[in-house]
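FYI, it's all coordinate maths here, none of it is from the lab. Quantities reported herein were computed from a predicted structural model and do not represent experimental measurements. Positions of Cβ are backbone-derived with ideal geometry, glycine not excepted, and every protein chain shown enters the neighbour counts.
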Ligand code: KG4
Ligand code: ZN
């Protein structure tokens, strides 16, 4: 089955063509980062308007790249939540209009299920069951995954998501949006051990996270250094390193606990923060100790993209699921509400 996937939940327009027999045929992305950067974060109205502009040219581009015609497309998968409502509505309306015009089914995909299944597009995909750490700009969740739609939430962030903590901390330190890649880059120049930040909620049982205190701790440290006349680039790098280490260590401790609790030794990491190489290394060495394995997508499929939506939608379409003709999106949508296939 040849599926066109459309992603418009936030500030990236992603389009891809996935075939259940031949795999991923083409994918294209337009990132709105330059559009939002001057505001220090995503402006929802600007995001929606830009998705409208980019969608059809990107669809033409993937068809050209795949050497396919629109008559060959058998179904459309689009992100129907969670995300920015206006942005989601662009993808949903476009998908439903094309599906109606072309006489093919359309299926709404849960954005986080898309992220979760993105490692399935790689050469060595994970096998069920596994524990998944979902770390994006809007979510930080530990989930036991027994199959598609068979999700048990083990723990989640009580305040800021991991990516949000990276973005807000970066902003407080005068770095550009999005902050995750900026902090990661700066942290590489940081001096190990100059600062040590707390590992929030690791000293008590459970699998929930809290990152907002760490953000404040980082800001206080940066302000103290500046007040003492040290606002050097090296100090900023040292602080970025300490912040990243604290986040990575906290996530690693909780993943280890989740694996122990479930008795599993297979871990999937997905979402924008799973592109972070310090996080990948830390989890890989933890899993090596457990004789297990970490699975993740190539960096461009860790952040938002159309390929993960085309793949996840294809699995649900093959199981016989699709929507009626209505244009319906959900800003909030717990993943555990998804039906199993
Ligand atoms: O999954 P994603 O593209 O969008 C959401 O669904 O939210 O995740 C975006 C988040 C941003 O917060 C961004 O700063 C973070 O992922 N991110 C990173 C890295 N690359 C992206 N965080 C840490 N290290 C990175 N290399
Ligand atoms: Zn995402």
Between residue 291 and residue 38, with labels modelled 7 Å along Cα→Cβ, what's the label distance in nm to one decimal, could you check?
5.9 nm
Please report Rg (one decimal) and Dmax (integer) in Å for the Cα set of the range 94-182.
17.1, 51
Considering the Cα trace of the chain, what is its radius of gyration and what is Dmax, both in angstroms?
20.3, 67
What length, rounded to one decimal in nm, is gained on full extension from residue 120 through to residue 158, with 0.36 nm per residue of separation minus their alpha-carbon distance?
10.8 nm
Mind checking the full-extension length gain between residue 203 and residue 319? Use 0.36 nm per residue of separation minus the Cα-Cα distance, one decimal, nm.
37.5 nm
May I ask you to work out the translational diffusion coefficient for the range 8-91 at 37 °C, viscosity 0.692 mPa s, via Stokes-Einstein with Rh from the Kirkwood sum over Cα pairs, reported in whole µm²/s?
242 µm²/s
Per residue convex hull volume, Cα only, the range 28-166, in Å³ is 144 Å³
Can you tell me the 0 to 90 degree angle between the C-alpha axis of helix 44-66 and the longest principal axis of the chain, rounded to 10?
60 degrees
Could you tell me the largest-minus-smallest coordinate of the C-alpha atoms of the range 111-259 on each of the three principal axes, in descending order and whole angstroms?
55, 34, 23
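Relative contact order, percent, of the chain when contacts are C-alpha pairs under 8 Å separated by at least 6 residues? Present the calculation step by step, with values, prior to reporting the outcome.
Details: 734 pairs, mean separation 87.7, N = 341.
Taking the mean separation of contacting Cα pairs over the length of the chain, I get 26 percent.
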Quick check on the chain: helices-only [θ] at 222 nm, where DSSP H runs of length 4 and up contribute -39,500 (n - 2.57) each and the sum goes over total residues. Nearest 500, please.
-14000 deg cm²/dmol
Between residue 220 and residue 72, what is the label-to-label distance in nm when each label sits 7 Å out along the Cα-to-Cβ direction?
6.0 nm
Centroid-to-centroid separation of the range 90-165 and the range 210-226 [C-alpha atoms, Å]:
31 Å
So what are the radius of gyration and Dmax for the Cα set of the range 235-328, in Å?
17.4, 56
Suppose R0 equals 25 Å; then what is the FRET efficiency for residue 298 and residue 336 from their Cβ-Cβ distance, rounded to the nearest 0.05?
0.35
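Given 25 °C and 0.890 mPa s, how large is the Stokes-Einstein diffusion coefficient of the range 159-221 in µm²/s, with Rh as the Kirkwood radius over Cα pairs?
196 µm²/s
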Residue-span extension gain [residue 230 to residue 261] - 0.36 nm each, minus C-alpha spacing
6.7 nm
On Cα atoms only, tilt of 233-262 relative to the major axis of the chain in degrees:
60 degrees
Starting from the 7 Å offset along Cα-to-Cβ, what nm value, one decimal, do you get for the label separation of residue 53 and residue 253?
4.6 nm
Suppose a student asked you for the relative contact order of the range 58-190, using Cα pairs under 8 Å spaced at least 6 residues apart; what percent would you report?
13 percent
